[in-house]
Amino acid sequence: MAEPLRVALAGLGTVGAGVVRLLDANAELIARRAGRRIEIVAVSARDRARDRGIDLARFRWTDDSAALARDDGVDVVAELVGGADGPALTLARATLGAGKSLVTANKAMLAHHGLELAGLAEAQGVALKFEAAVAGGVPVVKGLREGAAANAIARVYGVLNGTCNYILSTMESTGREFADVLAEAQALGYAEADPAFDIDGVDAAHKLAILASLAFGSRPAFGDVAVDGIRHVLAADIAEAAALGHRVRLVGVAEADGPRHEPRLFQRVHAHLVPVDHPLAHVTGALNAVVVEGDFVGRLLFQGAGAGAGPTASAVVADLIDVARGEFGPPYAMPAASLAAMPPADAGERRGRAYLRFAVADRVGVLAEIAAAMRDAGVSIESLIQRGPSSDLGADGAVLIAIVTHEGPERCVAAALERLRGSPSLVGRPLWMPILG
């Protein structure tokens, strides 16, 4: 058997400790599959004294994670520090620059700096692997980069954030309001003390930017992702969606629009109404799921645990096995120099149906005002429902009006909402959710 692959591990949080446990538990199986042993030889973390429930005395310890890149006894660095910049990026650049392979679970860093890091890895002839950066233990990165490599991808979309999915599916099953379920998710450890990164859609947008690059051969373009989260979704919206035969999910969608010779890239993270017979409607709890639509392979569904020590460590070690086998290849499925700078698509030209919810004052003429704004903007109404007063709508005596539109361009819906902006009849901000087609 070949010499062991010597690994330096930066970050000993939940995932880092999980990697140590997995390599210990399945050492012989992993060695047989990799063709050589995979051994951690050096580690770095912020707190050396913290009890992680694992034996760290057998590893070289350094307080400076960047020193791992300079260690001659290290072949590959696993970066599990996190953060788009700072120590994680410093370590990534130093590792690749030193001619060592890098395995990372850092979606934020890849969404912002993936093109630079891919180019650096290719120039040095080493690997940049990031299966754990998207959907935890679900092998969607490998599925896109390798399994579906022969296909022209029409669309990639999915439920990419377990925290949001836990909140929405719990609201669905219990009828409770967003703030109440969010507090429960924080108590259970599904949501951070500051949950904005998750509930405002940023985490899902980082993952979507990576998936879009893999699917369409485009440069990672996080700045072009239109992002809206779930903090304005009410229990009443969940109930209306159910009455319409749909469920509410935060969905990231990436799609190439326009002619083949001049494509534009559409990327959006937004709460959607998902038909109950669609696979994403049945993704509950903290699970993730990604749908890939290829021209020859058809629809592929990847589903599983999107976070946690075990699933994420599984993806990290799978990447280490690839490195041990010498399976490198371009990080984004094609050379970084070949990745296209695709301009963003005009969302206003996209056609589809939509759900619109208004909280309004209960007085004569409000319904006519909303209907007139829709008519003047060219929005065709498929159905309209008005409910009685509810304290959940943010003002005493406010009533709910829910509209489902016929298929039409999104610019018309945006124009209708703009016409209603500032109307004294409206209580709070209207909610718009596309209906997944």
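Could you check the stretch 77-105 and list, in sequence order, the residues that are under 19 Å from residue 329 (Cβ atoms) and surrounded by fewer than 18 Cβ atoms within 10 Å (Cβ to Cβ)?
99
Please work out which residue is nearest to residue 355 (Cα to Cα), limiting yourself to the stretch 252-283 and to residues that are modelled with pLDDT under 95 and surrounded by fewer than 19 Cβ atoms within 10 Å (Cβ to Cβ).
The selected residue is 257.
Are any of the residues in the stretch 237-251 farther than 28 Å from residue 181 by Cα and at pLDDT 95 or above?
For the stretch 237-251, residues farther than 28 Å from residue 181 by Cα and at pLDDT 95 or above: absent.
Which residue, of 147, 114, 125, is within 13 Å of residue 328 (Cβ to Cβ) and either in the same structural domain as residue 206 (by TED's automatic domain parsing) or out of contact with any Leu (no Cβ under 7 Å at 6 or more places or on another chain) (or both)?
125
Going by the conditions given, is residue 154 in a loop (DSSP other than H, G, I, E, B) and either in contact (Cβ under 8 Å) with a residue 40 or more places away in the chain or not assigned by TED's automatic domain parsing to the domain that holds residue 281 (or both)?
Considered against the rule, which asks whether it is in a loop (DSSP other than H, G, I, E, B) and either in contact (Cβ under 8 Å) with a residue 40 or more places away in the chain or not assigned by TED's automatic domain parsing to the domain that holds residue 281 (or both), residue 154 comes out as no.
Suppose we filter 397, 388 for residues that are in a loop (DSSP other than H, G, I, E, B) and over 34 Å from the mean Cα position of the chain (by Cα); which single one remains?
Testing whether each residue is in a loop (DSSP other than H, G, I, E, B) and over 34 Å from the mean Cα position of the chain (by Cα) leaves just 397.
Which of the residues that make up the stretch 192-207 are closer than 23 Å to residue 158 by Cβ and more than 15 Å from the chain's Cα centre (by Cα)?
192
So, residue 103, is that one of a type outside the set (Lys, Arg), assigned to a loop (DSSP other than H, G, I, E, B) and touching a residue at least 60 places away in the same chain (Cβ under 8 Å) or not?
In short, no.
Give 185, 179, 235, 242 a once-over and let me know the one that is without any contact (Cβ under 8 Å) to a residue 40 or more places away in the chain, in contact with a helix residue (DSSP H, G or I) (Cβ under 9 Å, 6 or more places away or on another chain) and farther than 22 Å from residue 347 by Cβ.
185
Only one of (1) closer than 24 Å to residue 324 by Cβ; (2) touching a Leu at 6+ places or on another chain (Cβ under 8 Å) is not met by residue 60, so which one is it?
Here residue 60 meets the rest and fails (2).
Take the conditions touching a residue at least 24 places away in the same chain (Cβ under 8 Å), crowded, with 23+ Cβ neighbours inside 10 Å, in contact with a strand residue (DSSP E or B) (Cβ under 7 Å, 6 or more places away or on another chain) and β-branched (Val, Ile, Thr) and apply them to residue 225. Does it pass?
Spelling it out, residue 225 is indeed touching a residue at least 24 places away in the same chain (Cβ under 8 Å), crowded, with 23+ Cβ neighbours inside 10 Å, in contact with a strand residue (DSSP E or B) (Cβ under 7 Å, 6 or more places away or on another chain) and β-branched (Val, Ile, Thr).
The values are calculated or read from the model by the stated rules, or taken from the named source; none is laboratory data. This is a predicted model, so every value here is computed, not measured. For neighbour counting, all protein chains shown are included, and Cβ atoms are generated from backbone atoms with ideal geometry for every residue, glycine included.
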